[in-house]
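Reviewing the structure listed below.
The values are calculated or read from the model by the stated rules, or taken from the named source; none is laboratory data. Everything numeric in this text was worked out from a predicted model, so none of it was measured. Positions of Cβ are backbone-derived with ideal geometry, glycine not excepted, and every protein chain shown enters the neighbour counts. To get the accessible areas, we keep the full protein, side chains included, count just its heavy atoms, and leave off ligands, DNA and RNA. Shrake-Rupley method; radii C 1.70, N 1.55, O 1.52, S 1.80 Å.
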Amino acid sequence: MTLVSVELKIPALLRSHVGGVKQLEVPEGSLRELLEAVAAEHPAFGTQIFEEEGALHRFVNVYVNDEDARYLDGLETQVVDGDVVAILPAVAGG
C-alpha cells in the first residue's frame, strides 16, 4: 500500500510550535481537517493559526500548490496526495 500524504510547509515563525520542523507530512482532506489535525497534536500551533470561532487568523495566508486558498474553497479546499500546502504569515510594515 502506498502512503498518501500532503506536504505542509511551516514558516520559521511557527516552527517552534511544531517541534522545530520545516515541513510535516499530513493526510489528504480539507485544509481545515489537516490544520486541525496538526493543531490537535501541537496546541500552540492551533492558537497561532485559528481564531476562537475556528476561522483562520486574518494575518495567516494559506496556499495550495502556490494558489491562495481564499480564492479556492478557503478552509474547505480539498488537498490530495502530492499537493503542497504553505502557510505564510502576513507581514505588516510601513
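The figures follow:
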{"item": "Residue among Glu28, Glu36, Glu53 with the largest mean-square fluctuation in a Gaussian network model of the chain, springs linking Cα atoms under 10 Å", "result": "Glu53"}
{"item": "Total charge dipole magnitude, the chain, about the Cα centre, Cβ charges on Lys, Arg, Asp, Glu only, Debye to nearest 20", "result": "460 debye"}
{"item": "Extreme residue, positive dipole direction of the chain, given options Ile87, His17, Leu34 (C-beta unit charges)", "result": "His17"}
{"item": "Relative contact order (percent, whole number), the chain, Cα cutoff 8 Å, 6+ residue spacing", "result": "37 percent"}
{"item": "Nearest-ten-degree value, helix 31-41 long axis tilted from longest Cα axis of the chain", "result": "80 degrees"}
{"item": "Estimated 222 nm signal from helices in the chain, with DSSP H stretches of n ≥ 4 weighted -39500 (n - 2.57), rounded to 500", "result": "-6000 deg cm²/dmol"}
{"item": "Exposure ranking of Arg70, Arg58 by accessible area [1.4 Å probe, largest first]", "result": "Arg58, Arg70"}
